[in-house]
Amino acid sequence: MRAFFRGPGRRRGRNERAQRGPGNTYRSSSYVPLTPWQVRERRFRPTRLGRRGLDPAEVAQFLDRVADELTAAYRALGDSRQETARIKDALRRWQSEQAQQRVNAGHYR
């Protein structure tokens, strides 16, 4: 009940949604999407005491795979956005044509 009495300048609570970010998705204001080049350029500190830890070649191979998959995902996302824009434009044109036909026919309310 206290949430209804808070002023407009209050901070977001733990269970509230984050602000809407670019691309019409809900994200934290500190969120920065990971890019393929960031994955490829990521380096890990060498391990101490000889040959302990992860194999550097395996890590590099995995990072390359992740970067390739991110590249494919971003490409598919871009293609999807272009297709969405094309479909929206076609729908707007069709709606305009339909409205004009109704006006010309005298059936427009």
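Taken together, the values in this text are just the output of simple stated rules run on the coordinates, not laboratory data. Because the structure is predicted, anything quoted here is derived from the model rather than measured. Here the Cβ positions follow ideal geometry from the backbone for every residue, glycine too, while neighbour counts run over all protein chains shown.
A few points about this structure:
- Extension gain (nm, one decimal) between Arg93 and Arg52, 0.36 nm per residue minus Cα-Cα: 8.4 nm
- Neighbour counts of C-beta atoms inside 10 Å place Arg45, Arg75 in the sequence Arg45, Arg75, starting with the fewest.
- Cβ-Cβ distance of Ala60 and Leu34, R₀ of 25 Å, FRET efficiency by 1/(1 + (r/R0)^6): the value works out to about 0.90.
- Potential extension, Arg75-Arg102 segment - 0.36 nm per residue separation minus Cα distance: 5.6 nm
- Taking a Cβ cut-off of under 12 Å around Ala85, the surrounding Lys, Arg, Asp and Glu residues balance to a net charge of +1, with basic ones at +1 and acidic ones at -1.
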